[in-house]
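A quick write-up on the structure given underneath.
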Amino acid sequence: MKSYVLSAASAVAIIASNAAYAGPEAEVLHYWTSGGEARSVAVLQEEFAANGGTWTDMPVAGGGGDAAMTALRARVLSGNAPTAVQLKGPAIQEWYAEGVLADISAVAEAEGWADLLPASIAAHMQCDGTWCAAPVNVHRVDWIWANAEILSANGIEMPTTWEEFNAAAETLMAAGIIPLAHGGQAWQDATVFETVALGVGGPEFYQQALVNLDPEALTSDTMVAVFDQMRIMRGFVDPNFSGRDWNLATAMVMNGEAAFQIMGDWAKGEFIAGGQEPGVDFLCASTPGDGYLYNVDSFAMFAVEGEDKQAGQALLAELVMGQNFQEVFNLNKGSIPARTDVSLDAFDSCAQTSAADMASTSEAGTLLPSYAHGMALFGAQSGAITDVVTAHFNSDMTSQDAVQMLADAVANSM
Ligand code: GAL
């Protein structure tokens, strides 16, 4: 048999290339830094490592992700994009349009994602027919969380109308109890605002005003009524609400300092992390009114050089949509799986309600994208709305002035 003697240069090249491929790796930018969030993202880190991956964590604190998105822009502009980023909704399309996302269709097609996801979720993960993001979960935004003991001690049921909410809050204030735990940050004001808009105006109004940006809906008497309710609720928060992180507001409900919090079900991740049980220590109910505001977290892979990173992206995409991750992560995170074939047997009553309501509202056409959490609009438009909402909440601006400012801000953002 003929023996081949490699030249020194070839030998070096082969050694170098073998040395170069050390295995899947990924630097992951995300903003899951609270107790419940950190426990959840640890599930992915552990699975990635168990599959030979090297995870470099890039957490950017700041609920809602505004700070994380600022960090992302800086990294991409400097030509040094992270391997994978917690990115969702229309922002995925915006980054795709910049030509900086990696195509993960090979994984998505091999794993049959098209058959495993509701069409509305799959649509957010696709860019011009390719797959450009991997969905992690379905969070519901329009929830009220309550301290069970406070409600029971004050003879209060979970409110099913905003009038009932206001009456309960008045009863609690008279008893010296903070009715509404709230963090005074723009994205949290926006979160409360969109649940009020959905409840006061209804799903059709929400769609017209906050998804279609219809000028008539934005300047309607209904929108005035939404800001009227926001003004009433401003009176239900404690004096130290400004700047409070969302999970510290959740902690106020957990420890009996306040009765209610209006927040997406990532708040449930905090109750769970604190060892509390739904129906026993805390209560969950959708905010008054019909409809369901969805918020789907996902990871987008950025176009990066290097076999290790590209292998890391393929592994991450596969794991994120894997059955085990979809169950274990969401049990910790407070959300429900994005995959439709994951059993909910291990999920609690709040998650069961969320899944049932997601199915029924999808059927009824009232399953709607959260504007406050980046599922409905591009950044310029959602930011314009949020600026007005938080300005109104933190001033004595009249509802009429807020409505006019809203219409102007949206028009100027186009
Ligand atoms: C949302 C995000 C959730 C949760 C929340 C608080 O935008 O989708 O996963 O992290 O912010 O940070």
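None of the figures in this text is laboratory data; all of them are computed from the coordinates on show. Everything quoted here is computed from the prediction, not taken from an experiment. Positions of Cβ are generated from backbone atoms using ideal geometry, with glycine treated the same way; all protein chains shown enter the neighbour counts.
Listed values, structure above:
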{"read-out": "Packing-based ranking, highest mean first, of 391-401, 319-329 given that Cβ atoms within 10 Å are counted", "value": "319-329, 391-401"}
{"read-out": "Protection proxy ranking of 210-223, 376-389 - average other beta-carbon atoms within 10 Å, highest first", "value": "376-389, 210-223"}
{"read-out": "Selected from A114, N154, M69, residue furthest toward positive end of dipole (the range 58-203; charges at beta carbon)", "value": "M69"}
{"read-out": "S298 long-range amide H proximity, modeled H, under 5 Å", "value": "L87, V136"}
{"read-out": "q = 0.18, 0.21 Å⁻¹, the range 285-414: log10 I(q)/I(0) [Debye, one scatterer per Cα]", "value": "-1.07, -1.18"}
{"read-out": "Sorted peptide list for 241-248, 332-339, criterion being average Cβ within 10 angstrom, highest first", "value": "332-339, 241-248"}
{"read-out": "Cα-based Rg and Dmax for the range 188-285, where Dmax is the largest Cα-Cα distance (Å)", "value": "15.5, 47"}
{"read-out": "Fluctuation leader among G129, G289, G199 - the chain, Gaussian network, Cα springs under 10 angstrom", "value": "G129"}
{"read-out": "Principal-axis tilt of helix 349-364 within the chain, Cα atoms, nearest 10 degrees", "value": "90 degrees"}
{"read-out": "Compactness of the range 26-85 - radius of gyration and Dmax, Cα, Å", "value": "12.0, 33"}
{"read-out": "Overall Cα dimensions of the range 261-308 - principal axes, largest extent first, Å", "value": "50, 30, 13"}
{"read-out": "Pairs of lysines in the chain (C-alpha under 27 Å apart; 8 or more residues apart or interchain)", "value": "5"}
{"read-out": "Projected area, mean over directions - the range 335-374, Cα convex hull, nm²", "value": "3.4 nm²"}
{"read-out": "Largest-first principal axis extents of the Cα set of the range 310-378 (Å)", "value": "41, 36, 19"}
{"read-out": "Convex hull volume of the range 47-120 per residue (C-alpha atoms, cubic angstrom)", "value": "146 Å³"}
{"read-out": "Under 12 Å, Cβ to Cβ, from T171 - net charge with Lys/Arg +1 and Asp/Glu -1", "value": "-3"}
{"read-out": "Rounded to whole Å, sorted largest first: equivalent-ellipsoid semi-axes of the range 97-150, Cα gyration tensor", "value": "33, 14, 9"}
{"read-out": "q = 0.18, 0.21 Å⁻¹: log10 I(q)/I(0) that the Debye formula gives for the range 85-183, counting C-alpha atoms only", "value": "-0.79, -1.00"}
{"read-out": "P(r) tail fraction, the chain - alpha-carbon pairs more than 30 Å apart, %", "value": "43 percent"}
{"read-out": "Helix 379-393 vs. the chain, principal-axis angle (Cα, 0 to 90°, nearest 10)", "value": "30 degrees"}
